[in-house]
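Working notes, structure below.
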Amino acid sequence: MPISVEHIVDALSSLGGEAHLDKIVERVALIAPPPLPRDPGASIRARIQERCAEAKSYKGGENLFESKFGVNARRGVWKLRLDQLSPSNPDNIQDGSDAFISAPEGKAALRIHLRRERSKKLIDAFKATLNDPCCEACGMRFSDVYGDLGAGYIEAHHKIPVSSLDEASCTHISDLAALCANCHRIIHKNGLMPVEDLARFLSRRRAGKD
């Protein structure tokens, strides 16, 4: 299966939105299913440039990537392009005379993203198997914190990244894990680390070993 644009977006997102091509290749290797192309760096560079408006090989469509130092500098550092409506875009944040930081928001804009379909029926069936759902990483129960407002709530995490699946793939209930929102975010932030690894890490922290 070839390396897709979505694999690269997932890799850069887990790397904080910016990284050298070598790091992107390492992270994509953890996400994309084998076998990888003979030269994964060249394949990833080509996919990035096809979605970078400043590159000669830009093919149109969603302008996802930008070179930190400019494509002509050939420094190999790539970034996810900032959303122009995002407060994280420094060009879009204003420091008013009243010393409050402000940014324009609320403008309607069309955004088109690549997204692998998830089965709501499968996720609902998975959650139905949980009598008293708690996070498999930290043990948190939403009902313990939010009472009736959080009773029965939990998030379903795909142990096998959906971005690595193709149309012929089949996901089973055993491929899902129950996670609280925080642990779910941390797992995706750290290269889709295994749930068991995060659980061991948190256990060591609670024991004062980390």
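Below are the figures for this structure:
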quantity: Mean Cβ count within 10 Å, highest first, over the residues of peptides 73-80, 44-51; calculated: 44-51, 73-80
quantity: Percent RCO, i.e. relative contact order, over the range 5-80, from Cα pairs under 8 Å lying at least 6 residues apart; calculated: 31 percent
quantity: Footprinting exposure proxy for GLU18, GLU155 (fewest neighbouring C-beta atoms within 10 Å first); calculated: GLU18, GLU155
quantity: Per-pair calculated FRET efficiency, R0 = 41 Å: ALA125 and LEU36 via Cβ, rounded to 0.05; calculated: 0.80
quantity: The range 36-42 - phi-based ³J(HN,Hα) in whole Hz, Karplus 6.51/-1.76/1.60, Gly and Pro as x; calculated: 7, x, 4, 10, x, x, 5
quantity: Additional length obtainable on full extension of the chain from LYS23 to ILE173, 0.36 nm per residue less Cα span; calculated: 50.8 nm
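No lab work stands behind these numbers, since they all come straight from the coordinates. All values reported here derive from a predicted model rather than from experimental measurement. Every residue, glycine among them, receives a Cβ derived from its backbone with ideal geometry; neighbour counts consider all protein chains shown.
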